[in-house]
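Enquirer: Take this structure first; my questions come after.
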Amino acid sequence: MPRFPFLAFLLCPVVCAETNLVENGMPRAQLVIAEEAPRSVRLAAAELQATQEKMSGASLPIGTEPGEGIPVYVGESRHTM
């Protein structure tokens, strides 16, 4: 049991902030993978992209460098180390 459960309550507005990957049918995020990502990482990013598009109608771009918007890192890269 946490010794200070009230801290979680106090930090929730900061930690639990709403993050929308898509807003008004436009992507606000980008999937970021390594330049020479393994096949499994490329497939995972493509699956995440396809699933997000089915849910929202917007396709999140996949790139190797964080761009504008919210970066969503898939797999290991120099940006995640």
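The values are calculated or read from the model by the stated rules, or taken from the named source; none is laboratory data. The shown structure was predicted, so the numbers you read here are calculated from the model rather than taken from an experiment. Counting neighbours? That spans all protein chains shown, and the Cβs are built from the backbone with ideal geometry, glycine included.
Enquirer: Looking only at the range 14-50, which residues are closer than 14 Å to residue 69 by Cα, in contact with a helix residue (DSSP H, G or I) (Cβ under 6 Å, 6 or more places away or on another chain) and modelled with pLDDT of 95 or more?
Expert: 31 - this is the single residue of the range 14-50 that is closer than 14 Å to residue 69 by Cα, in contact with a helix residue (DSSP H, G or I) (Cβ under 6 Å, 6 or more places away or on another chain) and modelled with pLDDT of 95 or more.
Enquirer: For the range 34-61, which positions are over 11 Å from the mean Cα position of the chain (by Cα), surrounded by 15 or more Cβ atoms within 10 Å (Cβ to Cβ) and not in a helix (DSSP H, G or I)?
Expert: 34, 37, 58
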